[in-house]
Amino acid sequence: MDDLLNRTRAAVWHPCTQMKQLEAAPPLAIARGEGAWLIDPDGRRYLDAISSWWVNLFGHCNPRINAAITDQLGKIEHVMLAGATHEPVVALSERLAKLTGLGHAFYGSDGASATEIALKMSAHYWRNSGRPEKNGFVSLKNGYHGETVGALSVTDIPLFKSTYEPLLRHTVQVPTPDARLAEQGETAKAYALRCADALEAHLAEHADDTAAFIVEPLVQGAAGMAMYHPAYLERARALCTQYRVHLIADEIAVGFGRTGTLFACEQAAIRPDFICLSKGITGGYLPLSAVLTTDDVYAAFYGDATARGFLHSHSYTGNPLACRAALAVLDIFEHDQVIAANQVKAIEFTDVLSEVATHKRASHFRHRGMIWAFDVADGTAGFSSRFHQAALAQGVFIRPIGGTVYVMPPYVTSGDEMCGVADAVLACLDNPAI
Ligand SMILES: Cc1ncc(COP(=O)(O)O)c(C=O)c1O
């Protein structure tokens, strides 16, 4: 194993990592996975309590997803999607259209490529509609939409953004409805509506040069699982319609059941103009993202002039193996009634985490669907990595975001497994050195 760690340090530039820190805290070497578990080359097991960066839904090495990909491997692994098509991409587009109410699916690879597609498509729509000056973007304070240059422009996490500021396009951030920021005595809903007033004030003045408002519905993941009331989305939808600005729902992290409904927008009973999907779409198997949009947007691109079309592409767009994985994921949702089953599971897991919720070091304990989070106010510099290492020693893979500890387990996690997670979190909290 030491050999693998030396080789990874020498040859692999790890994401979102100061490589020097790997000298003191090497990455976890993983040889295989099984259900909610990651297993190292020596057979030690770690519960994947954050679903491998929020992508895994139905466990590692899931037999049903494995079978779908294996079957597809014997047919066609990939064909370019410009000038060709195939059954898995058509079937997936049809099913996603039924589920989202948005009938036109454009594919990318990772989440950030979906953000890029939605931003470009929105601005191009206004250009094709004779309003080229409508090309600005608005997003939420502390929002995260990915790290390519366009996506980073609408992201608002200084640690990721500041260094690249000279490369980025100017965008505007409006107040986040993060319920933790409500005044004393103010409800989460009242605070959300107060933030929506700020959005309205901005749109009232700037709608003429604004293409779209992009938002992470219900939970701002990278901000530290900031959760907010659905009333914000309901109001944002109405305002975007009123001021003729697109609403882009970035459901890359929250889609596919994470917040308790298949898509978070359902909890506000709204339909966005664009929905961005990725992460859980393939159950955490293969990189795939999709942007779905309305007939109106689609129609604005349809015509004889080539340049009026959306001339954007990625080589692996609509990869058949990834689409088959996604179709297998949708089959599991349907056949196993996953959304209903998760509602029961979420109640059980919240109960399992009750001691964590009331721990003296934990504040703002919050929960939505299959996400639980709390803040550790006394978490000093290095808290996140100390917590991560200590949890690993307890057999649980958790990576706090700053002082926010969160649990986002695969949906196949059992009550007993969740008890193990709760015990590990409590042991970390009880250790004053962490
Ligand atoms: C809401 C949201 N949007 C976009 C992204 C970017 O996705 P990717 O890392 O696949 O590029 C993420 C990733 O965490 C995300 O949480």
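The values are calculated or read from the model by the stated rules, or taken from the named source; none is laboratory data. Remember, it's a predicted structure, so these values are computed and weren't measured experimentally. Methodologically, a virtual Cβ is constructed for each residue, glycine included, from the backbone with ideal geometry; neighbour enumeration extends over all protein chains shown. Calculation scope for accessible area: heavy atoms of the full protein, side chains included, ligands and nucleic acids excluded. Shrake-Rupley method; radii C 1.70, N 1.55, O 1.52, S 1.80 Å.
Explain nothing, just the number: dipole magnitude of the stretch 1-68 about its Cα centre with +1 on each Lys and Arg Cβ and -1 on each Asp and Glu Cβ, in debye rounded to the nearest 20.
140
Restricting to Cα atoms and excluding each atom paired with itself, what does the Kirkwood estimate give for the stretch 206-345 in Å?
About 16.7 Å, per the Kirkwood formula over Cα pairs.
Just how much of residue 376 is accessible, in Å², when a 1.4 Å probe is used and the result is rounded to the nearest 10?
Counting only protein heavy atoms, the figure is 10 Å².
Measuring from centroid to centroid over Cα atoms, what is the spacing of the stretch 241-320 and the stretch 1-64 in Å?
Distance between centres, Cα-based: 30 Å.
Run the quick spin-label model on residue 172 and residue 308: label points 7 Å from Cα toward the beta carbon, then report their separation in nm to one decimal.
Reported label-point gap for residue 172 and residue 308 is 3.1 nm.
To the nearest 500 deg cm²/dmol, what mean residue ellipticity at 222 nm is calculated for the chain from DSSP H runs of n ≥ 4 alone, each contributing -39,500 (n - 2.57), summed and divided by the residues?
Computed ellipticity for the chain at 222 nm equals -12000 deg cm²/dmol.
For the full complex of protein chains and a 1.4 angstrom probe, list 98, 120 by accessible area with the highest value first.
Largest to smallest exposure gives the sequence 98, 120.
Need one number: % antiparallel among DSSP beta bridges in the chain, to the nearest 5.
65
Considering only protein heavy atoms and a probe of 1.4 Å, how much of the accessible area of the stretch 231-290 is carbon and sulfur, as a whole percent?
The C+S portion of the solvent-accessible surface of the stretch 231-290 is 53 percent.
Sort 137, 365 by accessible area with a 1.4 Å probe, largest first.
365, 137
Just want to confirm a number: the relative contact order over the stretch 308-381, from Cα pairs under 8 angstrom separated by 6+ residues, in percent.
18
Taking all protein chains in place and a 1.4 Å probe, what share, in percent, of the accessible surface of the stretch 369-433 do carbon and sulfur account for?
About 54 percent, which is the carbon plus sulfur part of the accessible surface.
For the stretch 70-207, please report how many Lys pairs fall under 22 Å Cα to Cα, leaving out neighbours fewer than 8 apart on the same chain.
5
Can you pull the Rg over Rh of the stretch 379-434, Cα-only, Kirkwood?
Dividing the radius of gyration by the Kirkwood radius yields 0.97.
Averaged per residue, what accessible area in Å² does the stretch 279-407 show with a 1.4 Å probe, protein chains only?
45
Mind jotting down the distance between the C-alpha centroids of the stretch 390-405 and the stretch 109-127, whole Å?
Answer, in whole Å: 34.
For the stretch 267-334, what is the largest minus smallest coordinate of the Cα atoms on each principal axis, given in angstrom and ordered from greatest to least?
Over the stretch 267-334, Cα extents along the principal axes are 41, 35, 16 Å.
Which value does Rg/Rh take for the stretch 51-160 over its C-alpha atoms, Rh per Kirkwood?
1.03
With the alpha-carbon atoms as the only input, what is the per residue convex hull volume for the stretch 302-434 in Å³?
Once divided by residue count, the hull of the stretch 302-434 is 195 Å³.
Taking K and R as +1 and D and E as -1, what net charge do the other residues with C-beta under 14 Å from the C-beta of residue 274 add up to?
It works out to a net charge of -4.
Just in the stretch 298-361: which trypsin sites (Lys or Arg not before Pro) are loop by DSSP and have at most 11 other Cβ atoms within 10 Å?
Sites meeting the loop and neighbour criteria: 360.
Kindly provide the pair-distance distribution of the chain built from C-alpha pairs, with 20 Å bins from 0 and whole-percent values in order of increasing distance.
25, 58, 17, 0
Taking only C-alpha pairs under 8 Å that are 6+ residues apart, what is the relative contact order of the chain in percent?
20
With a 1.4 Å probe and all protein chains left in place, how much accessible area per residue does the stretch 138-240 have, in Å²?
In whole numbers, the stretch 138-240 has 41 Å² accessible per residue.
By the scheme Lys and Arg +1, Asp and Glu -1, what is the net charge of all other residues having a beta-carbon under 15 Å from that of residue 428?
Net charge in that neighbourhood comes out at -1.
Could you work out how much longer the chain between residue 194 and residue 7 gets when fully extended? Use 0.36 nm per residue separation minus the Cα distance between them, nm to one decimal.
Result: 62.1 nm gained on full extension.
If each of residue 385 and residue 77 carries a label point 7 Å out from its Cα toward its Cβ, how far apart are those two points in nm?
With each label placed 7 Å out from Cα toward Cβ, I get 3.7 nm.
Please give the peptides 106-115, 21-30, 333-342 ranked by average Cβ packing (other Cβ atoms within 10 Å per residue), highest first, as a rough proxy for protection.
Peptide ranking by packing, descending: 106-115, 333-342, 21-30.
Find the eigenvalues of the gyration tensor of the Cα atoms of the stretch 158-230, then list the square roots of 5 times those eigenvalues as equivalent ellipsoid semi-axes, largest first, in whole angstrom.
23, 18, 10
With the full set of protein chains in place, find how many percent of the accessible area of the stretch 139-209 is carbon and sulfur; take the probe as 1.4 Å.
Taking all protein chains in place, the stretch 139-209 shows 56 percent carbon and sulfur surface.
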